[in-house]
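Notes for the one structure printed next.
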């Protein structure tokens with residue numbers, strides 16, 4: 001158990017006001033027996049993993065998947081490469097706003113800075129506006145910070161409400177994302193306990209994430225998925241990533257919902273028996289929006 | 001049949017010297033009954049699809065997958081959104097070189113321009129060098145063009161041999177990609193014929209690419225893959241992409257190798273019967289390296 005006096009230190013990629021920062025804040029709110037959390041902004045996703053493994057942070061918050069543009073594959077590859085454990089998830093609505101300095105009209109804006117993923121999630125806004133040049137920036141809140149420093153109505157950023165208040169920017173146009181239902185699912189990572197078996201299981205139903213490499217035989221993926229389906233387990237996501245050392249072969253990242261430890265034992269046995277390599281990435285409580 | 005006097009016009013993303021340009025050239029060499037091909041450079045992948053659909057180009061060449069970094073998902077989404085047909089593939093080794101103006105030493109270089117995907121494929125080179133700043137550029141050959149214009153030993157580009165000769169740059173360091181086996185698979189797209197059934201089948205064995213949306217029932221992917229495996233068909237790739245209108249649901253892009261029209265008829269029936277939506281994306285001859 002975490003004692004009341006422990007400080008929760010969460011690492012995330014970006015600058016204050018980033019969506020990952022916000023996701024970390026929401027995760028911390030669910031952990032009631034800790035003091036107010038501290039945050040460690042990191043330049044890259046790899047740095048988040050490093051901060052967690054070094055112990056500088058006891059948690060890391062990384063985006064895994066967006067409902068519009070898909071997986072943030074860099075983080076899947078980092079999950080494979082590092083010995084960390086997913087202990088939580090946060091699913092958060094992502095609303096992108098056009099942010100500028102107070103008094104700016106949308107027609108004044110010439111260049112819009114944001115993370116390439118955010119620019120992509122707002123492609124219809126750019127098509128409709130016509131005159132705007134999209135400029136890639138390393139993250140959404142960093143783009144907001146940059147615009148607040150430029151103090152020029154020709155520049156705007158695409159970022160969230162959290163970043164607007166962090167950098168004192170006005171919201172020039174709200175909700176410019178292509179799809180009104182636009183959410184990102186974040187994983188909360190930590191250093192693994194000394195042994196898999198000593199990690200407490202979350203209260204059922206919970207989610208399990210794993211990565212597998214399959215035997216090089218036709219039908220091996222069909223066989224694995226059929227065995228999982230035979231246990232009445234709902235597979236919520238499957239993502240393939242290349243194995244660079246074995247060209248045109250793939251490893252699969254699989255998320256499943258489990259109703260308890262019996263199903264867990266059965267599926268772990270199936271995973272071990274049907275794969276060449278099996279890695280448990282974590283067990284965690286599915287995110288429910290807080291009231 | 002294409003007559004000898006037809007001109008082959010291939011659209012690709014990038015500027016002359018791009019890997020896609022080279023892939024188009026290799027594809028054209030396999031089509032012996034046409035005159036020397038013309039090339040249409042495009043700014044974006046979407047523009048390549050537009051040029052093909054408008055008839056300005058009779059072929060488009062787009063990267064689909066790299067053996068190190070995975071799928072170029074933007075092109076999968078464009079394949080879904082546009083009514084085009086894949087009629088060919090090209091698989092090409094991708095060797096990245098550090099290019100600079102003649103007489104530059106690697107130690108002189110401070111900033112390196114390239115496409116983010118190429119920068120990512122050379123991450124170990126940057127780690128080892130330490131002092132280099134990676135700067136994102138819209139494509140590899142465009143970065144080479146930019147460096148040739150800057151004429152400053154502080155700047156270099158990461159691009160292929162083809163781009164070095166196109167822009168008169170020296171190769172400062174060869175093969176800086178992380179994995180020596182680094183290949184990209186390109187798809188060659190064209191406007192579909194008036195009816196699927198009138199398109200000639202390639203000589204067996206050939207590949208088929210399709211996209212499906214599955215019923216929202218647990219086990220539906222397992223069932224589909226089991227039926228495909230039951231036909232002794234080798235599934236060479238499966239890629240999931242989000243359906244933005246149906247959050248946390250996915251469509252799957254599937255590539256298979258077929259031994260002829262009987263297997264083709266059977267698998268198309270399975271695909272139609274087991275899915276909510278089925279789209280044939282193309283039939284084509286698997287790429288064999290030319291001697």
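The values are calculated or read from the model by the stated rules, or taken from the named source; none is laboratory data. Note that the coordinates shown come from a computational prediction; the quantities given were computed from them, not determined experimentally. Heads up, the Cβs are rebuilt from the backbone with ideal geometry, glycines too, and the neighbour counts pull from every protein chain shown.
Applying the selection to segment B:241-265, what residues are in a helix (DSSP H, G or I) and under 25 Å from the mean Cα position of the chain (by Cα)?
Within segment B:241-265, just B:264 meets the criteria.
Would you say residue A:236 is facing another protein chain (nearest Cβ under 10 Å), in contact (Cβ under 8 Å) with a residue 24 or more places away in the chain and within 30 Å of residue B:236 (Cβ to Cβ)?
For residue A:236, the condition - facing another protein chain (nearest Cβ under 10 Å), in contact (Cβ under 8 Å) with a residue 24 or more places away in the chain and within 30 Å of residue B:236 (Cβ to Cβ) - is met.
Here are the criteria: (1) over 25 Å from residue B:66 (Cα atoms); (2) in contact with a helix residue (DSSP H, G or I) (Cβ under 9 Å, 6 or more places away or on another chain). Tell me which single one residue B:193 does not satisfy.
All conditions are met except number (2).
Hey, could you check segment B:6-26 for residues that are in a helix (DSSP H, G or I) and out of contact with any helix residue (DSSP H, G or I) (no Cβ under 6 Å at 6 or more places or on another chain) and say which is farthest from residue B:137 (Cα to Cα)?
The extreme case among them is B:26.
When the residues of segment B:178-188 are narrowed to those that are in contact (Cβ under 8 Å) with a residue 40 or more places away in the chain and more than 18 Å from the chain's Cα centre (by Cα), which ends up farthest from the other protein chains (Cβ to nearest Cβ)?
Filtering first and then ranking leaves B:178.
For segment A:216-232, check the following and say yes or no: at least one residue is outside any loop (DSSP other than H, G, I, E, B), in contact (Cβ under 8 Å) with a residue 12 or more places away in the chain, crowded, with 20+ Cβ neighbours inside 10 Å and out of contact with any helix residue (DSSP H, G or I) (no Cβ under 7 Å at 6 or more places or on another chain).
No, segment A:216-232 contains no residue that is outside any loop (DSSP other than H, G, I, E, B), in contact (Cβ under 8 Å) with a residue 12 or more places away in the chain, crowded, with 20+ Cβ neighbours inside 10 Å and out of contact with any helix residue (DSSP H, G or I) (no Cβ under 7 Å at 6 or more places or on another chain).
Restricting attention to segment B:268-280, does a residue exist that is assigned to a loop (DSSP other than H, G, I, E, B), over 21 Å from residue B:65 (Cβ atoms) and away from chain A (no Cβ under 14 Å)?
yes
When you go through (1) surrounded by fewer than 20 Cβ atoms within 10 Å (Cβ to Cβ); (2) within 14 Å of chain A (Cβ to nearest Cβ); (3) under 28 Å from residue A:247 (Cβ atoms) one by one for residue B:29, which number turns out not to apply?
Looking at each condition in turn, residue B:29 falls short on (2).
Being more than 7 Å from every other protein chain (Cβ to nearest Cβ) and either surrounded by 18 or more Cβ atoms within 10 Å (Cβ to Cβ) or in contact with a strand residue (DSSP E or B) (Cβ under 8 Å, 6 or more places away or on another chain) (or both) is the filter here; which residues of segment A:239-263 pass it?
Scanning segment A:239-263 gives A:243, A:249, A:250, A:251, A:252, A:253, A:254, A:255, A:256, A:257, A:258, A:263.
Of all helices (runs of 4 or more DSSP H) completely enclosed by segment B:49-136, which ones contain at least 3 residues that are on the phi > 0 side of the Ramachandran plot?
Here the list is empty.
List the residue pairs whose Cβ atoms are under 8 Å apart, where the first residue sits in segment B:110-122 and is within 14 Å of chain A (Cβ to nearest Cβ) and under 12 Å from residue B:132 (Cα atoms), the second is modelled with pLDDT under 90 and part of a loop (DSSP other than H, G, I, E, B), and the two are 6 or more positions apart or on different chains.
B:113/B:137
Given the conditions (1) in contact with a strand residue (DSSP E or B) (Cβ under 6 Å, 6 or more places away or on another chain); (2) at positive phi, report the number of the one that residue B:190 does not fulfil.
(2)
Name, by its number, the condition in (1) at pLDDT 95 or above; (2) assigned to a helix (DSSP H, G or I) that does not hold for residue A:29.
Every condition holds for residue A:29 apart from (1).
Go through segment A:209-219 residue by residue and tally those that are farther than 26 Å from residue B:243 by Cβ, more than 7 Å from chain B (Cβ to nearest Cβ) and either touching a strand residue (DSSP E or B) at 6+ places or on another chain (Cβ under 8 Å) or modelled with pLDDT of 95 or more (or both).
1
Among the residues of segment A:145-154, is there at least one that is part of a helix (DSSP H, G or I), outside the structural domain of residue A:45 (by TED's automatic domain parsing) and surrounded by fewer than 15 Cβ atoms within 10 Å (Cβ to Cβ)?
Yes.
Considering only residues that are under 18 Å from residue B:89 (Cα atoms) and in contact with a helix residue (DSSP H, G or I) (Cβ under 8 Å, 6 or more places away or on another chain), which ones fall in segment B:255-291?
Within segment B:255-291, B:256, B:258, B:280, B:281, B:283, B:290 meet the criteria.
Suppose we keep only residues that are without any contact (Cβ under 8 Å) to a residue 24 or more places away in the chain and over 12 Å from the mean Cα position of the chain (by Cα) within segment B:37-80. Which one would you say is nearest to the other protein chains (Cβ to nearest Cβ)?
My answer is B:50.
Filter segment A:123-144 down to the residues that are surrounded by fewer than 20 Cβ atoms within 10 Å (Cβ to Cβ) and within 13 Å of another protein chain (Cβ to nearest Cβ) and list them by number.
Across segment A:123-144, the qualifying residues are A:123, A:124, A:126, A:127, A:133, A:134, A:135, A:136, A:138.
Out of curiosity, is residue B:201 away from every other protein chain (no Cβ under 14 Å), modelled with pLDDT under 95 and in a loop (DSSP other than H, G, I, E, B)?
It is true that residue B:201 is away from every other protein chain (no Cβ under 14 Å), modelled with pLDDT under 95 and in a loop (DSSP other than H, G, I, E, B).
Given the options A:107, A:77, A:50, A:35, name the one that is surrounded by fewer than 21 Cβ atoms within 10 Å (Cβ to Cβ) and closer than 21 Å to residue A:148 by Cα.
Of A:107, A:77, A:50, A:35, the one residue that is surrounded by fewer than 21 Cβ atoms within 10 Å (Cβ to Cβ) and closer than 21 Å to residue A:148 by Cα is A:107.
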